[in-house]
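See structure below.
The values are calculated or read from the model by the stated rules, or taken from the named source; none is laboratory data. If you're wondering where the values come from, they're calculated on a predicted model, not measured in any experiment. Counting neighbours? That spans all protein chains shown, and the Cβs are built from the backbone with ideal geometry, glycine included. Protein only, heavy atoms only, side chains kept; ligands, DNA and RNA dropped before computing areas. Shrake-Rupley method; radii C 1.70, N 1.55, O 1.52, S 1.80 Å.
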Amino acid sequence: MALEVQGLTAGYGPVTVLRGLGFRAEAGRITCLMGRNGVGKSTFLKALMGLIPVGTGTITLDGVALQGLPAHQVPKRGLAYVPQGRRLFGPLTVAENLAVGGLVRGNDPAVLERVLDLFPRLRDRLAQVAGTLSGGEQQMLAIARALCLEPKVLLLDEPTEGLQPSIIALIQEAVVVLKGQGVAVVLVEQRVDAVLRLADRVAFMVAGRVEEVRDTRGLAADDPAFRTYVGV
Amino acid sequence: MAFGPFLLLALMEGLVTAAVLALAAAGLSLVFGVMRVVNVAHGEFYMLGAVLAWAVTGMIPGPAALTFLAALIIAPVLVAALAAVADGLILKRLNYDPEATIVATIGLLYILQQAALSLYGPNANPVPAPFEWRIQLPWFGYSGYKLFVVLAALAVLLALWTFLSRTRAGLIMRATQVDRMTAQAFGINVDRVYMGTFALGAGLAALAGVLVVPIQQAQYLMGHDPLLLSFIVVIIGGLGSLRGTLVAAVVIGLSDGVISMFFSPTLAKILATLLVAMVLVLRPQGLFGARA
């Protein structure tokens, strides 16, 4: 299973953000997207989900074209998205948020059990309104909601931003478990230590394109690539 | 009549107003809550419900109860279908832009009103009540149909609440209401949700129109007052809040009944408008609305 992107252009109205982007993510591997602010990392994830219109280029999952599909059809093909800032359905309960996540797969109770096993803290909060959860619990719920889709590809946009270390560790553990289950994980992450610990590959973005792809084996925290592309 | 029974009569009349208003306002509130569309044509769906009830009861032979039951089903369904078409032809093409849809629904208001004038005519026509029971109280007799209107509205609002809070479709509507983009990312067809919501809102207004027509008569200009009062109710209750809509409808309905009977209907409207002004100044999100 592979997600392949070739020559992708996309943006907001007259503003083009992605300029001929090429990218590949594979099952059971974690691919990190890194780059300075404004290079188009979040825009790329939105384009993959069909949430912004795509100009030219192709997006294929197992050889099946995804570009041009209405946004609501994309999750049915196996892509799930955890947006930056979580974007939970705040007034809905935890259980209802998870139910929205499971709509596409018919809300299979076995899937919900597996997801709650991954984030047991949510099991005690099912009746709680999502907007009243702590920041860490909200992030767990955002990931759990996406997992209820049973995705082939999971897109995570800075999932550990602003969280305390113990919660970050929990979320990273969950991402590793998902990798072990054969999910292709695409992770937007700015922290070098997290990238080196989790990722199999890093795609460095510059001005709407993937400029360089590096295997994390043999990549050190002081590698010039991080300074060049991320500025750290 | 002594003051006590007179007050009781005023409260009962107010309850009937509140019931009809709650149904119409619930539709308006639902459309704004989910779609962020201020539907200025909402009162015309109410009018169409009443006019279609007159047409259906006139066309179908049989006892009054049976023809009225047919009108209760057919008129809201037809109006909901018309609203679904209007959604596809007008609102969707405007990408549900809040400002553009206000102008568009003003246009829709005049199209529906003038179509009703052309096809139905300028006269007010009565629709017989489905039954003529009277409840005899010690001080006065009261129409059993009016009490039926209150109970029917309560049943419909309870069904609407159950639909929104207990069903899969209701969950989809609430998720779309909170965040349209994220809803799409979880496989929700937002265009379809919007079409269904607009149809449901119009159907509720039409149902209110059918229920009121044995009391008020059907007339092509009858949509103005319910539109104004529905806006008053949803502003006081909080746009998008069903609970707020119900509470505000009861407050406005009862005060309208009492003030109209003891003073004048004009004073009742003036006070309701003043109440809206106070709410907008002191609590702009309404009594039960979420702060923006």
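Out of the residues in the stretch A:69-95 that are outside any loop (DSSP other than H, G, I, E, B) and either of a type in the set (S, T, N, Q) or touching a Phe, Trp or Tyr at 6+ places or on another chain (Cβ under 7 Å) (or both), which is farthest from the other protein chains (Cβ to nearest Cβ)?
Restricting to residues being outside any loop (DSSP other than H, G, I, E, B) and either of a type in the set (S, T, N, Q) or touching a Phe, Trp or Tyr at 6+ places or on another chain (Cβ under 7 Å) (or both), the top hit is A:Thr93.
If A:Leu103 satisfies all but one of (1) part of a strand (DSSP E or B); (2) touching a helix residue (DSSP H, G or I) at 6+ places or on another chain (Cβ under 8 Å), what's the number of the condition it fails?
The single condition A:Leu103 does not satisfy is (1).
Got a sec? Which of B:Val56, B:Val37 is in contact (Cβ under 8 Å) with a residue 12 or more places away in the chain, surrounded by 14 or more Cβ atoms within 10 Å (Cβ to Cβ) and not in a helix (DSSP H, G or I)? Steps first, answer last, please.
Details: B:Val56 fails: not in a helix (DSSP H, G or I).
Answer to the check: B:Val37.
Determine whether the stretch B:109-118 contains at least one residue that is of a type in the set (Val, Ile, Thr), open to solvent by 20 Å² or more (accessible area, probe 1.4 Å) and either at pLDDT 95 or above or over 19 Å from B:Glu44 (Cβ atoms) (or both).
Yes.
Go through the stretch B:170-180 and give me each residue that's facing chain A (nearest Cβ under 8 Å) and not β-branched (Val, Ile, Thr).
As a first pass, look at the stretch B:170-180 and keep what is facing chain A (nearest Cβ under 8 Å): B:171-172, B:174-175, B:178-179.
Across the stretch B:170-180, the qualifying residues are B:Leu171, B:Arg174, B:Ala175, B:Asp179.
Looking only at residues in the stretch B:251-268 that are under 15 Å from B:Pro226 (Cβ atoms) and without any contact (Cβ under 8 Å) to a residue 24 or more places away in the chain, which one is most open to solvent (accessible area, probe 1.4 Å)?
Of everything passing the filter in the stretch B:251-268, B:Pro265 is most open to solvent (accessible area, probe 1.4 Å).
Determine the pairs where a residue that is within 7 Å of chain A (Cβ to nearest Cβ) and open to solvent by 20 Å² or more (accessible area, probe 1.4 Å), located within the stretch B:181-205, has a partner that is of a type in the set (A, V, I, L, M, F, W, C) and assigned to a loop (DSSP other than H, G, I, E, B) with Cβ atoms under 6 Å apart, the partner being 6 or more residues away or on another chain.
If the second residue must be of a type in the set (A, V, I, L, M, F, W, C) and assigned to a loop (DSSP other than H, G, I, E, B), the pairs left are B:Met181/A:Leu51.
Against the definition (within 13 Å of the chain's Cα centre (by Cα) and within 10 Å of chain B (Cβ to nearest Cβ)), how does A:Pro159 come out, yes or no? Please lay out each step first, then the result.
Details: within 13 Å of the chain's Cα centre (by Cα): yes; within 10 Å of chain B (Cβ to nearest Cβ): no.
When the stated conditions are applied, A:Pro159 does not pass them.
In this structure, is B:Leu280 farther than 21 Å from B:Glu13 by Cβ and modelled with pLDDT of 90 or more?
Here the answer is yes, as B:Leu280 does meet what is asked.
I'd like to check something: does the stretch B:198-218 contain any residue that is assigned to a loop (DSSP other than H, G, I, E, B), within 18 Å of B:Ala75 (Cα to Cα) and out of contact with any helix residue (DSSP H, G or I) (no Cβ under 7 Å at 6 or more places or on another chain)?
yes
Would you check if there is a residue in the stretch A:67-77 being more than 26 Å from A:Gln138 (Cβ to Cβ) and of a type in the set (S, T, N, Q)?
yes
Tell me which of these A:Arg145 doesn't satisfy, since it passes every other one: (1) surrounded by fewer than 19 Cβ atoms within 10 Å (Cβ to Cβ); (2) of a type in the set (D, E, K, R); (3) more than 26 Å from A:Val15 (Cβ to Cβ).
It fails just one condition, (1).
Would you please name the residue that is nearest to A:Ala144 (Cα to Cα), looking only at residues in the stretch A:96-108 that are open to solvent by less than 10 Å² (accessible area, probe 1.4 Å) and at the interface with chain B (Cβ under 7 Å from one of its Cβ atoms)?
So in the stretch A:96-108, the residues open to solvent by less than 10 Å² (accessible area, probe 1.4 Å) come out as A:97-98, A:100-102.
Among the residues that remain, those that are also at the interface with chain B (Cβ under 7 Å from one of its Cβ atoms) are: A:100-101.
Numbers: A:Val100: 11, A:Gly101: 8 Å.
Within the stretch A:96-108, the match that is nearest to A:Ala144 (Cα to Cα) is A:Gly101.
Let me spell it out: the conditions are (1) of a type outside the set (Ser, Thr, Tyr); (2) open to solvent by less than 10 Å² (accessible area, probe 1.4 Å); (3) free of Cβ contacts under 8 Å to residues at least 24 places away in the same chain, and B:Leu94 meets all of them except one. Which number is the exception?
Condition (2) is where B:Leu94 drops out.
Each row is one residue, and each column tells you yes or no for (1) on the phi < 0 side of the Ramachandran plot; (2) within 16 Å of the chain's Cα centre (by Cα).
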| site | (1), (2) |
| --- | --- |
| B:Thr57 | yes, no |
| B:Gly62 | no, no |
| B:Thr67 | yes, no |
| B:Ile73 | yes, yes |
| B:Leu78 | yes, yes |
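Taking the options A:Arg123, A:Arg214, A:Arg197, A:Arg227, name whichever one is part of a strand (DSSP E or B) and open to solvent by 60 Å² or more (accessible area, probe 1.4 Å). Break it down into steps so the answer makes sense when it comes.
Details: A:Arg123 fails: part of a strand (DSSP E or B); A:Arg197 fails: part of a strand (DSSP E or B); A:Arg227 fails: part of a strand (DSSP E or B).
One residue alone meets the criteria, A:Arg214.
Could we say that B:Gly238 is within 14 Å of chain A (Cβ to nearest Cβ), open to solvent by less than 30 Å² (accessible area, probe 1.4 Å) and touching a residue at least 12 places away in the same chain (Cβ under 8 Å) here?
Criteria met by B:Gly238.
How many residues does the stretch A:180-194 contain that are open to solvent by less than 10 Å² (accessible area, probe 1.4 Å) and under 16 Å from A:Ala146 (Cα atoms)?
Final tally of qualifying residues: 5.
Only one of (1) open to solvent by less than 20 Å² (accessible area, probe 1.4 Å); (2) small (Gly, Ala, Ser); (3) assigned to a loop (DSSP other than H, G, I, E, B) fails for A:Gly38. Which number is that?
(1)
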